[in-house]
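The values are calculated or read from the model by the stated rules, or taken from the named source; none is laboratory data. Just so we're clear, the structure is a prediction, and the values are computed from it rather than from any experiment. Here Cβ is always computed from backbone atoms with ideal geometry, including for glycine, and neighbour counts include all displayed protein chains. Each accessible area value is taken on the protein alone, full model and side chains, heavy atoms only, with ligands, DNA and RNA left out. Shrake-Rupley method; radii C 1.70, N 1.55, O 1.52, S 1.80 Å.
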Amino acid sequence: MNVKLKIFRYDPQTDKEPYYRQYEVEADPMDRLLDCLNRIRWEQDPTLSLRMSCGHGICGSDGMRINGICGLPCQKLVKDFKEEVLIEPLPVFPVIKDLVVDLDPFFERYQSIKPYLIAASPPPEGERRQSPEAQRLFEDAIRCILCACCTASCPINQNKETEAYVGPAALVRAFRYLFDSRDEGTEERIAILDQKHGAWGCQTLWKCTEVCPKQIPVTKEIGQIKRRIYESKHPKG
Ligand code: SF4
Ligand code: FES
């Protein structure tokens, strides 16, 4: 089938303004949109820039806006698009070139929530063990591939006045450690999350959950963080 794509182009070093360029490629209906973008780069226009690696929804590097919705072109089948497909970079982040955005602000916020196990007690002989039930509490969050689609889609992050909000992706990772029975950093994690631009920055708008390509219940997990903060300040009994 013939696929038409309208792609955002911008090289800040040479272009005064962003613009859109149209392309057409022949594709099998079961090809992915990423295959079309690669075909454009390889066969028509090698100046088109985008990030990709695995091609199979694992690395999280090809987040972009497809017909206005953030997602991964490696997960979108060509047959599901009947009209011209609009391809743009992720919003919120500065454009480096074309579909490549600067994710430094994303990873700075991610680092701010201490995305690692905090365990001061001496390690046991073998592993730090955990029951399957305890692991199930956070196993959805483990699927996160840091594609940034949730943070880019969040109206709070998109608003200049509230863009300091740490964002849903960082909160998913915070959830993953806050609810890990092996982690001993609860107090310092709660101090980081109990902030205006921490977990309380979330206004439960659900956009993150709608776009997450790994079907993580992002908004629900942020709600559980809020409840955990509340309970730490209002212990029962
Ligand atoms: Fe991507 Fe989902 Fe992780 Fe957000 S929570 S970074 S949308 S995988
Ligand atoms: Fe790796 Fe899409 S290319 S997730």
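Computed about the Cα centre, the dipole magnitude for the stretch 24-128 is approximately 400 debye when only Lys and Arg (+1) and Asp and Glu (-1) carry charge, each at its Cβ. Summarising the amide proton neighbourhood of V85: residues at separation of 5 or more, or on other chains, whose placed amide H is nearer than 5 Å comprise K4, L5, K6.
Rounded to the nearest 10 degrees, the inclination of helix 218-233 to the longest alpha-carbon principal axis of the chain is 20 degrees. When only the Cβ of Lys, Arg, Asp and Glu is charged (+1, +1, -1, -1), the dipole of the chain relative to its Cα centre reaches about 620 debye. Our compactness index for the chain, the C-alpha radius of gyration over the empirical 2.2 N^0.38 Å, is 1.15. With a/c under 1.5 counting as rounded, go ahead and sort the stretch 1-66 into rounded, prolate or oblate using the C-alpha gyration tensor (a ≥ b ≥ c being the square roots of the eigenvalues; past the cut-off, prolate if a/b is larger than b/c, else oblate). Judged from the Cα gyration tensor, the stretch 1-66 comes out oblate (a/c at least 1.5, b/c at or above a/b).
Here E210 sits with roughly 130 square angstrom of accessible surface, probe radius 1.4 Å.
Within the accessible surface of the chain, defined with a 1.4 Å probe on protein heavy atoms only, the carbon and sulfur portion equals 50 percent. Close amide-amide hydrogen proximity is noted between V101 and I96, each under 5 Å apart and 5 or more residues distant or on a separate chain (H modeled in the peptide plane; Pro and chain starts excluded). Evaluated over the Cα positions of the stretch 145-237, the convex hull gives a direction-averaged projected area, one quarter of its surface, of 6.3 nm². Dipole check for the stretch 129-237: with +1 at the C-beta of Lys and Arg, -1 at the C-beta of Asp and Glu, and the Cα centre as origin, the magnitude is about 160 Debye. Taking amide H positions as modeled 1.01 Å from N, with prolines and chain starts lacking one, the residues under 5 Å from R32 and 5 or more places away or on another chain are V78.
Sequentially through the stretch 41-48, phi angles give Karplus couplings (6.51, -1.76, 1.60; θ = phi - 60°) of 5, 7, 10, 10, 8, x, 7, 5 Hz, Gly and Pro residues having no value and appearing as x. Accessible surface computed residue by residue for the chain, with neighbouring protein chains in place and a 1.4 Å probe, gives 54 Å² per residue.
Largest first, the three principal axis extents of the alpha carbons in the stretch 59-192 are 58, 37, 22 Å in whole numbers.
Note that the stretch 30-120 shows a convex hull volume over its alpha carbon atoms of 124 Å³ per residue.
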